[in-house]
Amino acid sequence: MSAEATRPSRTSEAFFGRRKGKPLRSGQTDALASGLETMGLDLSRPAPQDLRQLFTAQVEHVRLEIGFGGGEHLLHETATHPDDGFIGVEPFVNGMAKMTAALERQPLNNIRLFNEDATLLLDWLPAASLDGIDLFYPDPWPKKRHWKRRFVNAANLDRFARVLKPGGRFRFASDIDTYVNWTLLHCHAHSAFEWKASEAADWHTPYEGWPGTRYEAKALREGRTPAYLTFLRA
């Protein structure tokens, strides 16, 4: 059976969320255009079987961050781990513009960007090609009738399982209890993922080297406690 035949159908999928915010300034527009020209991924071309070939830097591992928002964590990780390659996904134009402007000021050669629906990228990637996937503070869609829009679902966990190497990590952070519980239940029900936490401190302690994000700072100010979950690809 071909890889295309085994991938989840997109017939009932759609991107949910804003694509644009405040109008961009001319400098942001220029940075966005030039940044995507040099660092953007072109999915019309086949993905290399070894994703390290996507980077001009010599990298050992390749990680993916879905929905990097303002880019605080992704920029920190990219600069702190120059031997790793990073792919950042952010459909929100203003977030991507902020990222490309930051990379214009501080160029890095171990990062690539994608500004569309993350599921398109996941379906493009080769099997067992990623060392890690990060999904931090995704839109919680708090109303029960909207829970089906949450990015963590059976189809996307199938995608994660396909592209993660054995032992690869899926990390999820959120300050919304219902989404944390939702993610735990979905990952527990999926045979490809194992949750290694043994006590509360395991998921209430930020990840090693965690720089925090603006969204997280707001959540803490408003009295919400973040959870940091890590699942391993079995």
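The values are calculated or read from the model by the stated rules, or taken from the named source; none is laboratory data. All figures in this text were calculated on a predicted structure; none of them were measured in a lab. Note: ideal-geometry Cβ built from the backbone for every residue, glycine included; neighbour counts use all protein chains shown. Surface areas here come from the heavy atoms of the whole protein model, side chains and all, with no ligands, DNA or RNA. Shrake-Rupley method; radii C 1.70, N 1.55, O 1.52, S 1.80 Å.
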Scanning the range 48-83 for residues that are in contact with a Pro (Cβ under 9 Å, 6 or more places away or on another chain) and acidic (Asp, Glu), the one nearest to Ser129 (Cα to Cα) turns out to be Asp50
For the range 119-130, the count of residues that are surrounded by 19 or more Cβ atoms within 10 Å (Cβ to Cβ) and either in contact with a Lys or Arg (Cβ under 9 Å, 6 or more places away or on another chain) or of a type outside the set (A, V, I, L, M) (or both) equals 5
The residue that is nearest to the chain's Cα centre (by Cα), considering only those in the range 149-162 that are assigned to a helix (DSSP H, G or I) and among the basic types (Lys, Arg), is Arg159
The strands (runs of 3 or more DSSP E) lying entirely within the range 59-148 that contain at least 2 residues which are touching a residue at least 60 places away in the same chain (Cβ under 8 Å) are 61-66, 111-114, 130-136
When Leu108 is run through (1) of a type in the set (A, V, I, L, M, F, W, C); (2) out of contact with any Leu (no Cβ under 7 Å at 6 or more places or on another chain); (3) surrounded by fewer than 21 Cβ atoms within 10 Å (Cβ to Cβ); (4) more than 18 Å from Leu75 (Cα to Cα), the failure sits at (4)
Within the range 221-234, the count of residues that are touching a residue at least 12 places away in the same chain (Cβ under 8 Å) and open to solvent by 40 Å² or more (accessible area, probe 1.4 Å) comes to 6
Among Pro226, Pro206, the single one that is in contact with a Ser or Thr (Cβ under 9 Å, 6 or more places away or on another chain) and closer than 18 Å to Phe68 by Cα is Pro226
Among Leu220, Leu185, the single one that is outside any loop (DSSP other than H, G, I, E, B) and under 21 Å from Arg159 (Cα atoms) is Leu185
